[in-house]
Each structure stands twice: as structure tokens, then as C-alpha cells.
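Read through the structure below, which is laid out as C-alpha cells, and then see the notes.
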Amino acid sequence: MGDHPQVRAALAAVDEEHYTLRPDGSLVRQSTAASAIARMLERLDVRPGMRVLEIGTGSGFSGALLSELAGPEGAVVSVDVVAELNERARDLHKARGRTNITLITGDGALGAPGEEPFDRIVAWTTPQVLPRAWVEQAAPGAVVLTPVELAPSVRTAAVLRAHVNRAGVPEGEKLFAGRYVEMHGQELKQWLVPPRGVDALVRAEDGRELWISAPWAAEDGDAACDMLAALADGPTEEVPVLEPEESAADLTAYLYARHAEDIGVVGLGGYAWGVGRADADGVAVFATAVQGSIVHGGGPGPLERLRAWVAAWREAGRPGYADLRPVLTREDAGWRVRAQLSNV
Ligand SMILES: C[S@@+](CC[C@H](N)C(=O)[O-])C[C@H]1O[C@@H](n2cnc3c(N)ncnc32)[C@H](O)[C@@H]1O
């Protein structure tokens, strides 16, 4: 963690378990680890007296930290799509005498109409684009910190820091590694398949659910299902590709910048999923659980393509998140965010 005395003081002032544990001692499923929250709060830079909009109340812990940072002169408005979480957080804040925080149940993509303007906006759930409502509800100079997708495929998110200028237009500043659950419209009943953005899904005989998110799969769902069915039945291999000192996260950042339209994201069953290349013949992806290796199934085409991308990444000097620059483009729902390599 960096050296940010206000964030450290807030962490010391808030009892994490008061928020993250249920009365039977179990962890609230929708909790974020304190270290990850601290990193976000350091980047958000909340000062006393500010008005803060939080999207994704979850356990209420991050809201309590925001309320501490904003202080008695400031205010926090926290939105979650799950009413039970809001009611629970409201009771917990009340029990600790936190009166500068308001809980709202609804779709966070709409922000908190009527509660604006906000000096800081932070999200713990991933929208596809930077929502228009957040920008409209931002005060001039406001900072927005949110995970957001950097490619047409789901789970291609990084954390965007942007500020909203005096003309009400968001200007991207930086991108950091990190993502949270995709924004969804109602309480999730399962956590294995993304709640949106999946273009084809196949259930294998052993119950595994294989899925894909990729522009070509959105156009040709039948071919995508056939490929996934073959993947479920056929063998897969782990092909070592990266050297120990090479970072799969940096490579992924490079792929977002250079091949946003060409990458595919594939669910391999259970919690395993990866980013890489997929076509109607097969897949080759860097899977979350397999450090430095490509998981390959089906024909050789995707593996060859991904190997060529790795070679180009090495030739470019192995750029990573630190080399990314966000580029925002206006769309109906908000601002689409893509990454560019800053030295290009
Ligand atoms: C990672 S959790 C937040 C954890 C929280 N920061 C904490 O400290 O416990 C993400 C939250 O986002 C919420 N969420 C997902 N989609 C949403 C949406 N469309 N609008 C509002 N909240 C949403 C989920 O219900 C979940 O509680």
C-alpha cells in the first residue's frame, strides 16, 4: 500500500468485520478486500467536505471508509442493486453513528439522480462504458474511478481514473490493472458465468459451463457453440510461453491496446477463464489459474496467432499497464473507453 495518511487513518477508524461478516460469522459474498479498497481510495483522493457517489455498496465497508474520508461536512451516497445489502449497510452505519451516508437501491448506471453534484465517483462493479449519468452528475473537476471494459468482450476491464472538465466532458488520466464483477440488473444467483456479455454458452456432460465473449461469436453464435462443444469434449494442453519474469497482466494490457477487436475471452469451466484468441476452430488463452502458460484446445490457428502477439509484445519492449493511456469516445450510453500505448 502507498503512503496515504488519510486512507490509513480511515482504515484504522473503521471496523472491517462489523461490515464484512454476517451474524453467523460468514463473509458477505459481495465484499472487497481491504487492500484493494485502500489502493482505490488512494487514487480517488477524497477530501473532507466532498460529496461522494459510490456504486456497489456490497458489505458497506468501503462506504464507511468513504464516509470517514468525507467527514461530517461531506456526504456519501451509495447505490446497490441488491436491496438486502442496502438495508443491511444502513443498519450497520446507524449502529456506528454514521449519519453522512445515504443508501439507495437501484441500478447504479443511473447514478443517484437528485443527489448530485458529486466531487468523487467510485464504482466497485464494472460497466461496459463510462455511464453518461455519472458524468452528468459530476461537479466540474470531479474525479471518476471505475473499472470499465477496454474491448468489446466481457472481462477485459481495467480501472479508469478520469476527471470531468469544466465543460462537463470526461478526460481519461490513467488505467490501472483491476476489475470487479460486471454490473448487473438484479441479485446474482451464480458467479461463474458473467451476468452480461456472453455470446455463446455450452454445458458439458460433466456440468461444466464453457462460454465465450468475442465479436465473431456475437455474429455467429452457432459456430461459437460448436467450437465450445468440441472444446468441452476434446483435450486441452498447457503451452508454456512466458518467461518467469514476464507478466501475463502486462501482456494482457498490451493486447487490449493493440488487439481490442480481435481478442476473445473464454470460460473454460468453473472459475477458469482466460483472455487470448479464439476462432471457430479452437482457443488459445492466458487463463487466470495457469501462470505464464497458454491453455490451448482445438486447431492450431489461435495458438499461432497468440504466439505472434507475444513476439510483437516482446519486440515492443513488453509494455504493460503503466504504458497505457485511456481514450474516451462518446456513445449513446456514455463514453466507450479504449487503451492506447502512450509511446505511440
Ligand atoms: C465488489 S461488490 C462491492 C463491495 C464493497 N465495495 C464492499 O466494500 O464490500 C460489488 C457490488 O456491486 C453491486 N452491483 C452490481 N451491479 C450493480 C448495479 N447495476 N448497480 C448498483 N450496484 C451493482 C453488487 O450487488 C455488489 O454488491
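The values are calculated or read from the model by the stated rules, or taken from the named source; none is laboratory data. Only a predicted model underlies this, so the values are computations on that prediction, with no experimental measurement involved. Glycine gets a Cβ as well: all are built from the backbone with ideal geometry, and neighbour counts include every protein chain shown.
Just one of (1) within 12 Å of the ligand (Cβ to nearest atom); (2) touching a residue at least 24 places away in the same chain (Cβ under 8 Å) fails for residue 73. It is (1). A single entry from 322, 253, 278, 287 fulfils the requirement of being under 24 Å from residue 340 (Cα atoms) and free of Cβ contacts under 8 Å to residues at least 12 places away in the same chain: 322.
Selection of the stretch 138-172 for residues being outside any strand (DSSP E or B) and more than 17 Å from the chain's Cα centre (by Cα) yields 165, 166, 167, 168, 169. Selection of the stretch 1-31 for residues being closer than 12 Å to residue 65 by Cα and of a type in the set (Ser, Thr, Tyr) yields only 19. The condition of being at pLDDT 95 or above and buried (at least 22 other Cβ atoms within 10 Å of the Cβ) holds for only one of 255, 341, that being 255. When 31, 35, 67 are checked against the criterion of being among the hydroxyl-bearing types (Ser, Thr, Tyr), within 14 Å of the ligand (Cβ to nearest atom) and buried (at least 21 other Cβ atoms within 10 Å of the Cβ), 67 stands alone in meeting it.
Between 14, 7, 46, the distinction of being more than 23 Å from the chain's Cα centre (by Cα) and buried (at least 19 other Cβ atoms within 10 Å of the Cβ) belongs to 14 only.
When the stretch 81-106 is filtered for residues that are within 19 Å of residue 186 (Cα to Cα), out of contact with any Asp or Glu (no Cβ under 9 Å at 6 or more places or on another chain) and within 12 Å of the ligand (Cβ to nearest atom), only 88 remains. Every test in (1) among the β-branched types (Val, Ile, Thr); (2) outside the structural domain of residue 300 (by TED's automatic domain parsing); (3) surrounded by 20 or more Cβ atoms within 10 Å (Cβ to Cβ) is passed by residue 212 save one, and that test is (2). Applying the criterion of being β-branched (Val, Ile, Thr) and within 15 Å of residue 57 (Cα to Cα) to the residues of the stretch 106-137, the residue that is farthest from the chain's Cα centre (by Cα) is 121.
Out of 51, 22, I need the residue that is more than 9 Å from the ligand (Cβ to nearest atom), out of contact with any Gly (no Cβ under 7 Å at 6 or more places or on another chain) and under 21 Å from residue 96 (Cα atoms). Which one? Unique residue meeting the criteria: 22.
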